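Heads up: the structure comes next, in structure tokens.
The values are calculated or read from the model by the stated rules, or taken from the named source; none is laboratory data. Since this is a predicted model, take the numbers as computed values, not measurements. No Cβ is skipped: glycine too gets one built from the backbone with ideal geometry, and neighbour counts run over all protein chains shown. Protein only, heavy atoms only, side chains kept; ligands, DNA and RNA dropped before computing areas. Shrake-Rupley method; radii C 1.70, N 1.55, O 1.52, S 1.80 Å.
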Amino acid sequence: MRMYDLIEKKKLGEELSTEEIYHIVNGYTNGEIPDYQISALLMAIYFKGMNVRERYDLTMAMRDSGDILDLSSIDGVKIDKHSTGGVGDKVTLVLGPIIASIGVPVAKMSGRGLGHTGGTIDKLEAFPGFNVSLSEDDFIKQVNDIKIAVTGQSKNLAPADKKLYALRDVTATVDEISLITGSIMSKKLAAGTDAIVLDVTVGDGAFMKNTKDALELAKSMVDIGKRADKKIAAILTNMDEPLGFAVGNNLEVIEAINALKGNGPEDLMEVVYELGSQMIVFSEIEKDKAKARKLMEDAVSSGKAFDKFVEFIEAQGGDSSYALDIDKFQPAKYKIPVEAKEDGYVHAMKAESYGLASMSLGGGRETFDDVIDMSVGIVLNKKVGDVVKKGEAVCYVYANDEDKAKRAIEMINNATVISPEKCDHMKLIIDIVE
Ligand code: URA
């Protein structure tokens with residue numbers, strides 16, 4: 001098989017066979033096919049796309065390029081939840097303990113934050129001592145013992161994706177549906193769960209900027225999941241403004257703790273309950289979604305969900321006294337209000353810019369080697385649709401450096417739109433694909 005012929009074939013919009021796709025993925029992973037040929041192929045795929053069969057083969061070839069977790073020794077239906085990324089997205093921290101406290105096994109591999117979006121693993125490191133690299137045996141044992149474990153992604157999970165993603169990143173071929181589907185779903189399938197619930201974010205702070213593209217991606221991933229015999233659903237959620245009020249690591253952890261104690265922001269809890277009720281239905285603990293949601297609400301109001309969170313932090317070696325007393329989290333040096341420049345309604349708080357502002361304070365990383373400042377970030381005082389008075393705080397910036405704070409405030413001012421016309425709150429759940 002000559003790589004030249006395969007590039008030519010895709011360039012002309014022809015279908016690649018299963019054998020050809022495995023040849024490409026394996027050849028690239030083991031270094032036999034050079035970057036320049038795969039770059040050309042990626043660009044051909046970008047323009048000509050892949051049909052569902054090709055996408056499935058691409059996903060499976062990438063999944064098979066590394067380890068596949070065997071979670072069969074965990075009792076019950078194992079479920080994974082994945083978000084395509086957002087600003088202020090602390091859903092896993094709230095959702096995981098709630099459904100684990102109901103008996104749903106949560107065996108989750110999470111990532112670190114990059115760019116303007118955060119990552120669950122970074123947030124869990126807010127608890128001193130928390131171990132984010134469990135061995136496979138410890139991971140499985142913990143899920144069997146307490147129903148929840150969250151660990152960083154193992155190095156050899158879908159290694160083809162690591163190479164391909166790095167190449168896509170520098171060849172302007174990240175935003176193509178077949179390639180995104182293969183990248184996300186190969187890792188989800190290698191993670192070995194029986195069911196997957198996807199949170200496909202849409203809007204300014206998301207990867208997919210409009211509903212049409214997000215819906216296409218959601219359908220594509222659900223299609224592949226079903227072909228691989230998984231129970232799967234995708235929920236499209238709005239990411240035009242940050243989720244909840246807090247953006248930044250410690251600030252988001254504090255918000256998640258408050259949410260588990262029954263004081264969560266409405267929008268965050270809506271996403272948590274929508275995803276969670278779907279997960280409970282997949283687990284077969286409850287067949288009716290409305291009843292599943294009630295189970296979750298009861299777990300929060302009874303304190304069961306918060307107790308599970310404390311148990312989970314302790315099981316992974318973390319200092320749970322921080323969960324019991326949030327004042328223990330190191331505060332940032334400065335808390336500066338960003339004031340509204342006029343009376344009116346908040347029309348936009350552009351999520352990407354808020355994420356970038358938090359990152360510029362030191363709360364995010366530009367490359368994987370950057371060290372995060374856990375204490376900085378932003379806490380919103382208003383959401384889109386709220387009334388605001390001139391001089392009132394739209395949000396607060398938490399900073400450790402005055403110059404960085406000034407820059408972040410400027411970014412926030414440019415990303416916040418206030419005008420006299422009335423404006424509705426944002427619709428959060430945009431669509432569900434099953
Ligand atoms: N996240 C991934 O893991 N892969 C993509 O291609 C896009 C988002």
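Tabulated results
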{"read-out": "Rg/Rh ratio calculated on Cα atoms of segment 47-109 (Kirkwood radius)", "value": "1.08"}
{"read-out": "Value in Å of the Kirkwood radius, where segment 3-49 supplies the Cα pairs that are averaged", "value": "10.5"}
{"read-out": "Long-range amide H partners of ASP431 with built H, under 5 Å", "value": "LEU236"}
{"read-out": "Cα pair distances of the chain binned at 10 Å [whole percent]", "value": "5, 21, 30, 26, 14, 4, 0"}
{"read-out": "Size-normalised alpha-carbon gyration radius of segment 128-263, reference 2.2 N^0.38 Å", "value": "1.20"}
{"read-out": "Fraction of accessible area attributable to carbon and sulfur, the chain (%, probe 1.4 Å)", "value": "49"}
{"read-out": "Under 5 Å, built H, 5+ apart or other chain: amide partners of GLY113", "value": "GLY119, ASP122"}
{"read-out": "Surface/4 estimate of mean projected area, convex hull on alpha-carbon atoms of segment 240-340, nm²", "value": "8.5"}
{"read-out": "Surface accessible to a 1.4 Å probe, per residue, for the residues of the chain, Å²", "value": "41"}
{"read-out": "Length-normalised contact order of segment 163-258 in % [C-alpha pairs under 8 Å, at least 6 apart]", "value": "28"}
{"read-out": "Ranked packing of 376-383, 60-67, most packed first, by mean Cβ within 10 Å", "value": "376-383, 60-67"}
